[in-house]
Structure formats: structure tokens, C-alpha cells
1. So what are the ³J(HN,Hα) numbers for region B:86-103, from phi and the Karplus equation (6.51, -1.76, 1.60; θ = phi - 60°), rounded to whole Hz, Gly and Pro as x?
2. Seen from all sides and averaged, what is the projected area of the convex hull of the Cα atoms in region B:601-676, in nm²?
3. Measure off 7 Å from each Cα along the Cα-to-Cβ vector at B:Asp463 and B:Thr658, then give the distance between these two points in nanometres to one decimal.
4. Mind giving me the FRET efficiency for B:Glu639 and A:Ser52? R0 is 60 Å, r the Cβ-Cβ distance, nearest 0.05 is fine.
5. Which value in Å does the Kirkwood hydrodynamic radius of region B:448-544 take, with 1/r averaged over all unlike C-alpha pairs and then inverted?
6. Using only the alpha-carbon atoms, what does region A:159-221 span along each of its principal axes? Please give whole angstrom values in decreasing order.
7. Once amide H atoms are placed 1.01 Å from N in the peptide plane, what residues at a sequence separation of 5 or more from B:His162, or on another chain, have their amide H within under 5 Å of its amide H?
8. So, R0 is 25 Å and r is the distance between the beta-carbons of B:Ala518 and A:Lys103; what FRET efficiency does that work out to, to 0.05?
Amino acid sequence: MNGFPLRKTICDACRMAAGVLVGGVFACGTAIVPLAHAQKASGGAVVVQPGSPGEPTKKLPGTTHATLPPISPADVDFMQGMIMHHSQAVEMTALIPTHTENKDVRAIGAKISSSQADEIRMMQRWLAARGQATSMKMPSGSGMPAMPGMDMSDSATPGATGIGLMPGMLSPEQMEALRKARGEEFDRLFLSGMIQHHGGALVMVKDLFNSAGAGQDAEIFDFATDVDNSQRAEIRIMQRMLEELH
Amino acid sequence: MNHARRLVLPLVAIAAVFFFPKLSISQEQTQAPAQGSAGQAQAAPKAEEKPSKPGEDPFAPHPAPPLPAGMTGSDVNDPRVKLKAGMYDAGEIAKGLKHVTFLKKPDAFQIQATSSDDPSVKKVLGQLGVGAAELEKMPKTLQMVIAQLAFANSDFAFQGNHLFQGNFYGVNIYDISNPAKTSLLTSMVCPGGQGDVSVHGNLMFMSVEMPNGRIDCGTEGFPPEPAPAAGHEKERRLPVPQKERFRGVRIFDISDIKSPKQVAAVQTCRGSHTHTLVVDPNDKDDVYIYVSGTSFVRQSEELAGCSGEAPDKDPNTALFRIDVIKVPVAHPEQAAIVSHPRVFIDPRTGVINGLSNGGSHGKDEEKPRDTDQCHDITVYSALGLAAGACSGNGLLLDIKDPVNPKRLDAVNDPNYSYWHSATFSNDGSKVVFTDEWGGGLGARCRANDPNKWGADAIFNLKDEKLSFANYYKMPAAQGDTENCVAHNGSLIPVPGRDIEVQAWYQGGVSVMDFTDPAHPQEIAYFDRGPIDPKMLVLGGDWSAYWYNGAIYGSEIARGLDVFELAPTEQLTQNEIDATKAVQVKELNVQNQQKLEWPATLVVAKAYVDQLERSQALPADRIASLRKAIRNAEKSHLKEKQVAKLRAMTGDLETSAGTIKSHADASRIQALVEILKHPVA
């Protein structure tokens, strides 16, 4: 706690200057004084590892450091595929400002755009930090991405008929129709298209957790779980909006 | 702490250089399918986000999209906006809070990154899929930015002088007998995330949900499957059922605080994302655990009876329910699931998927609904109620029979992404829900992020019905590299006011007054700069809870913070002293206990300060009250002085009857009770 008396002095000055009482760490003007970190986290503490229920607890050396569970190829495939999948959602929402005045569609579109754009960055960081490409591998000469582990014939993804698309992604024809539509027709195509698109994301999450050794990395686990939860919720909102259009 | 900073910053630069060639190539690959799906090159869509351009830094943050029409964002003029970045030397700022100490995350919960020649470094990176050639060039310090969440600090529980800090990798137990000198006692290694933790007597409970969780607390997880044979690349391969896998709630005996012993491990189909300790006031021999599973349902080959099917295909689906574990306190090894309450049931039709976030008045009443999980449940046994934050809905449950909770009400909100957690006001007249938009992984408190998204929603609770009052979001704009959204908080026992301290990830800690639910206000805060200025490194406060006079912050990446309240115009020293009059033996925040204040003059002074602040009483009456209380204190409650206090209560009761503000009338009433019978 070496830094404490100093900070207190600064704060006393601040109080006098500002005429208000403030606590602990305080920015006086632009002077920001971080707290000194004097406490050592060790010293008398023990590191232990319990056993299975009923089994004794082991004492580990004080020098023990953490180790990571493995990541699997399915994890990498999922992240690479989801970047492509998310990119199309962002592309779809980018049409909204010029294609519809519907307030609800604009609001949900803004939210989807903001969420998925941000998630693309997160996935890119995840992949790059692990030395992985941020897009899918291509079989040489095919010009098409391979999707190991992805079952493209899944009946839950009606739109995923185009070769090279992740589940639920809109076909080139669907995208073209969306691009040409305006007003209520656009709203209808956008909502039904995004419901299809989100449905595909749920399939991708299901496939991930149905893959051996996948999902043990904490970030991919949390991210995939959040994709499932939040897109499921958005599907319901969009389904209700779609019903109100009819 | 400059040491750590040296590790992070060069790393960003080196990582960028190191990865660019790879990214440049992959970018060309990305373009092909994107063009294909876009049809003939029309006006290129003005996507807010595109895959990285060649040469673009993949770690660089991206500004928020424009604020949607009609929405308000965060305050860019707040002093919290421009704090310096850093892992351990970030700029810090506080108002109304004193930062009394900080402890780094214990070494046993961090990857060793000091020696570049350490073979464990190679092993770790190898596991991450980093090849030998890449390993040659890779800075060892890259570990600082990968897999932080694998060792993320999570939730807290408290008992006596002990603080239990959950972590995705286990639990750390601290001695907090003197909060300013908090010290580590035990690092318990037992991975599986999230490590949500509760304590009761000699028992500690811990949530496990991730596929790397092992029944024996092993750190190795399970090996990835070998590569498929040629020609079989596209075949789906199901995970191998693992008898050693554990997803559910672990129970430890903590009678030896330096050697917790696993005594039971109750497996569940979806694992346990969070859990809630439930103590039945009518049953001293057992406690209950409400298990909220938010993750995927595992195969029945691994745990018999687990089904992730839709309810129409399998009425016994593990979706659309919570799990209740009964734990005989004297025989925790007999803990077992006793019920699977269908809290989303439609009571009229009996369908188990009867709730959705799409509105409770839709035209599609016969259609299946989608809310299939609770994220966290806060029980308030003294009221016989629970508030469930259940993905698409906020629920009110009757838990008088704790094994069979019954839904009383359900609400939804068009601005809510994910109903995450709940806190009752002490009198049970309000519930604060949180929306964890983006799951806590993203920057969602930027200037352009709407203040109704990823915010608290405060509801009035009357006659078993919830009604919306207002939103509250930590007001200061946060940077592009700070993950930020509403997260876990607890009540601070200020008598006469509803005050919650709450964690906002890298948005820091915010203390909110929601006494008037329509006008919640921030009264104190603490914030640090981002971990890194150039890329989002996950961190910030998971939980911020008050416990016996101090506030503890669970910093995901950095460690453990301890704060005390400091007086401001919005919270006086008397009010702070009154909070210290409330001491509890155990605190599991989601098992909410009724706060009760002793009839001491310290508490009376807090009420007087509040009546002055709200101008409920004129200045001369405030002054005479203070004088009478001071004299009574000085006399150590001599009868003559106490009689003078009693003599003032008649006028006060008259005032209480004429004051419009319900809060002020209640304060005067509470003040009267103390003045009539003050205790030392």
C-alpha cells in the first residue's frame, strides 16, 4: 500500500478544489493515479486439486501454472464458417436504410448489424490469435470452400441449397430478390430471410457441439452458446413482426 | 507492474506482423463466396463490417454503427471516457468508492509466460493448433491475449471471513478478515467453467457446463478426434460419450478451508451455467439447488435420459425446464435431482413451451414458443418468491414449495436480447433485471450503443405482477476495446433507499439508486481503462457485491478488487455507517436475504440525512433532530435524553401522514420507530 498516502494527499487537494468529497482513486484534472498493487497473491497460500467424489484432494506444488484444454478442427471450422455466415447478415442489414421505412425492421436490423459486425471481429481475433486463417480452407482448384463437419442437406436449413453456403444463408437468387424489393415486400423478404439465416446459425451451433472434442475452449463455448441464445430470441421477435405484416 | 505491460504491447505489434501474410491470403479466399452470394456486383453493400482487408490489423477495434433513430447513446463527456489502457497499470477513476486493494489472479490460474524456453509454452501453443514453423516466430507472450476466458474469474460467494471467487478453472478462496489486507488462502484447480459458486455451512457448490469438465477435476479435458480418413471429411461424427466428463453441480466439503474435498457431483443434461442455493425456511435438514443450464443438451449415450428434442417430439426433453437438486446437509453425497420444473408451461393448454420473448399477446397462441432456459434465478425465500432471468423472458415464480416452483408472471421487452440476472429490492416491491446483450464478449457501451440495449430494466412488483418502470445503463461511454454490458450486482444495505452495486465488465463498477424506479440514478462508480488500447482483450468486472462493509469486484482477467464506500453528496457518512450495521454470516447473492437494520442512532442519522436531501422536512426540524440525537448519543442513551427523542416522534408521525413521497413517509416511519426505542 505504498501508494496510498500519496493518493490521499492528491485527493485532499481535489476535495478542496472541487468542494466535494471523493473516494480513493480520483482524477484531479487529468492526473489519473492508479492504485499501487502491493499485495502478493502468494505467501502461505496452497494450490490443491480435488479428486473424484469421495477421493482425497491432492496438494500441488506452489509453482503450478494453468494449462489449456485442446481446441479441435471443428472449433476452427465453426469460427471460419460463422464469419462467412455473419457477413451475409451484415450485408442484408446494409440494405435497410435504402429499402424500407419500417421502424421495427430498422430497429432489429440495426441491432443485428451491430451485434454481428462486432462478433465478426471477435471471431477474427480468436482465429488470428491461434494462428488460423480467418476464412475457410478451399480444396485446391475448386474455388469453393469445403465445410468439414457440415451437413448441407439438413432439413432445418431450407435456404441452404446453394453449394458453398453455410446453413441458412440466402442463395444468390434470394439475395437478388431482396435487393430488388422495396417497402413492405422488402420487409417480408428481409424478415423471412433473416429467420432462415438465423435458423442456419442454430444448426451450426448444434453441429459444433455434436463434434468430437469441440467446444472445450472457453471463448468458443461462450460465443457459440450466446449465438444460439440471442439468435433464437431474435427469430421469435422477427416471426411476430412477420405475422403483423400479413 | 510495468513488467506485464511490456508483455502485452509488443505482442500486439508482433502478432500483427506475424499474421498478416496469412490473413492476406485468406482474404482473397473469402471474396469468392461472398461475391457469389451477392449475385452480380451491384452497388457494393455498405456493410458496417467486412472481413479484414489485406494488411488490415485483425485485432483492431471497429467503431460502433450509427445510433439507431430515436435512441440515446452513452455520455462521451464523462471523466471515465479517457482512461489510459493497461493490464496492471491502466488509468483508474472513482467517485464515491475508495479502492482499498487489488490482488492479481493467482499464478496457478495463469499460463506460465515468463520463460521463452519453457517446454510448457510449446505444448500450450501446440494444443492451440500453432504449428512448429509458426511457433519459431511467435512471441511467447502471445499467451497474454489468447484463451483468457479459460481462466476467467467469475462469481463470488462469501462466508464469515472467507471470500470464494469462482473461475472457469476452479475456485480461489481468500481471507477477508481485514478487507484492506485480503490474502489468498487456497487455489483449488478444477476446470469446467463458469465456476459459479455458493456456500452453505461446510458445503461449497460449483457450476460446471463446458465439455472439458472432468469428474476428477483434471485439467486435460478430452482429446480432439483424429483427422477423418480420406474421402470421409464431410461425414458428421458425433462426440465420443465420455464417462469421465462432468457437466452439472459439484459439491465440496470445505471444513478444511485449505483442502476442499469433492463429496458429490450431480450430472445434468445441459450442465450448470449458474445455480442458486435455496434454503427452505421449513426444512433445516436439506438445501436445494436450482440449476440453470443454458448450453447444449448432451447425448443420452453419455448421460441416460438426456434429450434435446423439441417438446412435440419428446415430452421429456431437457429443454424448457430447470433442474432442482436436493442436498441432505448431513449427507451431501446423497444429493440428487428431485424435480425438473416446467416453468415455461402454458397453464391453459399444458404445453411445456408456453413462453417467448415475442410478446405475450401474439396471434399465434397455438404455436410453440421459444424460451427454453433460465440463465439465472434469484430466490427470496422470505417472500416465497423467485425472479427468473430466463433468456427471452423475466419470470416471477412462487417457490413456497421449493421443489415445485410455479410461475406467477412473465414479462418480455422489445429492447432485451437476453434476460440474464435479477435482483429484488429489499421490500420486494421492485425487481431489477439485466440484459446481457452480446453475452459479455463485445463492446456494447460505446457512444453509439443505445442506452436501452444491454441495460438494466427495473420493474415494479405488485400483487404478483411485474410492470416495467425504466431502464438503467452505466452512463459513461466505453471504448471499442472494452467488453461492456450489464452484469451481476447486489444490494447495498443503505436504510431508506434501494441501492445496487453492479459490475459492467470493462465498464467497471456502477452504484445505482433505484428508490424511484422510474428515475434510477448513478451515485458512485469505479472504472479502469481498457486492458489493451488496440484490441479487445476480455476482462472487466464479472460481479460487484457488497459484503459486510466492503465491496468486492471479480475482475475477469486481472484479479480481485476491494472497495469501500466513500461519502459524497449523494451518500453521506451516516448512510455509509448505517450499511456497516448490517452484518451477515453468509452471502450467496442469488439467495437473497431480507436486510434488517438495528434500531441504533447511526441508522436514525442516515434517515435524517435522507430527509434533509429530499427536503421532506424543513431545515430547523432537521437541525433539532440532529441535536437531540447527538445529545442522546453523548449521554449513552440516558433516559432523560431518550425521552426527548420520544417527544419528537408525535410531530414526525403527523408529517409522515401528510408527505406525498412514499419513500420519505417510510423513512420518517422508520426513524420514529428508532427514536421511540433506540438501542446501543
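1. x, 5, 10, 10, 5, x, 10, 8, 8, 9, x, 9, 10, 7, 8, 6, 9, 10
2. The directionally averaged projection comes out at 4.3 nm².
3. So the label points at B:Asp463 and B:Thr658 sit 3.2 nm apart.
4. On the way: r = 64 Å, r/R0 = 1.07.
Calculated value: 0.40.
5. Details: mean 1/r = 0.0709 Å⁻¹.
With all distinct Cα pairs of region B:448-544 included, I get 14.1 Å.
6. 45, 22, 14
7. B:Ile176
8. On the way: r = 24 Å, r/R0 = 0.97.
For B:Ala518 and A:Lys103, the calculated efficiency is 0.55.
Every read-out reported here was derived from the displayed coordinates using simple, explicitly stated rules and does not represent laboratory data. Remember, it's a predicted structure, so these values are computed and weren't measured experimentally. In this analysis, Cβ positions are derived from the backbone assuming ideal geometry, glycine residues included, and neighbour counts consider all displayed protein chains.
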